[in-house]
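J.: Sharing a structure, written as structure tokens. Questions coming.
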Amino acid sequence: MNAIELELEGLVVLEPRVLADERGAFFESYNDALFTELTGYRRPFVQDNHSISHAGVLRGLHYQLEPGAQGKLVRVLQGSIFDVAVDLRPQSDTLGQWAGVTLSAENHKQLWIPPGFAHGFLALSDCEVLYKADAYYQPSLERSIRWDDADIGIAWPLFGDPLLSGKDAAALPLRVALIPADPKLVGELDRQ
Ligand SMILES: Cc1cn([C@H]2C[C@H](O)[C@@H](COP(=O)(O)OP(=O)(O)O[C@H]3O[C@H](C)C(=O)[C@H](O)[C@H]3O)O2)c(=O)[nH]c1=O
């Protein structure tokens, strides 16, 4: 398995070793010891999620507040997505910055997103997305930020208006979402 660290500290793209033969192929989609070696992260995953989207659906940007912040290991079983993580860690030098990667059934790539990031993806085709979480879903702790927030400025590879849930259509701008955590963080955005 190959690991590529992205520009935001902690984000890692994992590329499993695919073993092809005349029958098809095989790869270890998750190996705990290897995951810990490649990401430096060690916390058991407690939930697997399976998300099915039509082409053009955009889910996010979502995160859970502490003590329910989730680390997520994302991969695609069918189709492809543009997967995005936004740094919301208060002490981070890259607060409010984003990184994105195309994950697909063809490229087998996975994205490790540590706790402290918001997560979202655009379905580039009809797709099925699997992701592990290291903390349980806790709706009372879940928060959303606008997918098109001007401070974040994600370059989504849109191909029409995205199909959003009502929750995502009504999501808050980052500046508003950060205030409860620490009003000073809003000023940090201007210093980025
Ligand atoms: C996330 C989640 C949802 N649900 C229920 C709640 C709703 O009845 C239904 C759909 O939930 P929601 O519209 O919040 O699903 P997404 O918009 O895909 O939300 C996810 O989108 C981004 C990409 C994420 O990384 C998060 O895992 C999560 O926020 O599944 C559960 O029962 N368990 C769960 O863990």
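J.: If you check L124 against the conditions, is it open to solvent by 40 Å² or more (accessible area, probe 1.4 Å) and in contact with a Phe, Trp or Tyr (Cβ under 7 Å, 6 or more places away or on another chain)? Before the answer, list the steps.
T.: Details: open to solvent by 40 Å² or more (accessible area, probe 1.4 Å): yes; in contact with a Phe, Trp or Tyr (Cβ under 7 Å, 6 or more places away or on another chain): yes.
For L124, the condition - open to solvent by 40 Å² or more (accessible area, probe 1.4 Å) and in contact with a Phe, Trp or Tyr (Cβ under 7 Å, 6 or more places away or on another chain) - is met.
Conditions (1) closer than 18 Å to A171 by Cα; (2) out of contact with any helix residue (DSSP H, G or I) (no Cβ under 7 Å at 6 or more places or on another chain); (3) without any contact (Cβ under 8 Å) to a residue 12 or more places away in the chain, marked per residue:
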| site | (1), (2), (3) |
| --- | --- |
| Q64 | yes, no, no |
| G68 | no, no, no |
| R75 | no, yes, no |
| A85 | yes, yes, no |
| L88 | yes, yes, no |
| Q91 | no, yes, yes |
| G96 | yes, no, no |
| A99 | no, yes, no |
| L103 | no, yes, no |
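J.: Which residue out of A69, A118, A99, A135 is within 11 Å of the ligand (Cβ to nearest atom), over 22 Å from R17 (Cβ atoms), under 13 Å from the mean Cα position of the chain (by Cα) and at pLDDT 95 or above? Talk me through it step by step, then tell me what you get.
T.: On the way: A69 fails: within 11 Å of the ligand (Cβ to nearest atom); A99 fails: within 11 Å of the ligand (Cβ to nearest atom); A135 fails: under 13 Å from the mean Cα position of the chain (by Cα).
One residue alone meets the criteria, A118.
J.: Restricted to the stretch 30-53, and to residues that are surrounded by 15 or more Cβ atoms within 10 Å (Cβ to Cβ) and under 14 Å from L130 (Cα atoms), which residue is farthest from the ligand (Cβ to nearest atom)?
T.: Restricting to residues being surrounded by 15 or more Cβ atoms within 10 Å (Cβ to Cβ) and under 14 Å from L130 (Cα atoms), the top hit is Y30.
J.: A follow-up question, please. Right, A155: under 13 Å from the mean Cα position of the chain (by Cα), more than 14 Å from the ligand (Cβ to nearest atom) and on the phi < 0 side of the Ramachandran plot or not?
T.: Values: under 13 Å from the mean Cα position of the chain (by Cα): no; more than 14 Å from the ligand (Cβ to nearest atom): yes; on the phi < 0 side of the Ramachandran plot: yes.
No.
The values are calculated or read from the model by the stated rules, or taken from the named source; none is laboratory data. Keep in mind that this is a model prediction, so the values were computed, not measured. Cβ: placed from backbone, ideal geometry, glycine included. Neighbour counts: every protein chain shown. Heavy atoms of the whole protein, side chains included, go into the accessibility calculation; ligands, DNA and RNA do not. Shrake-Rupley method; radii C 1.70, N 1.55, O 1.52, S 1.80 Å.
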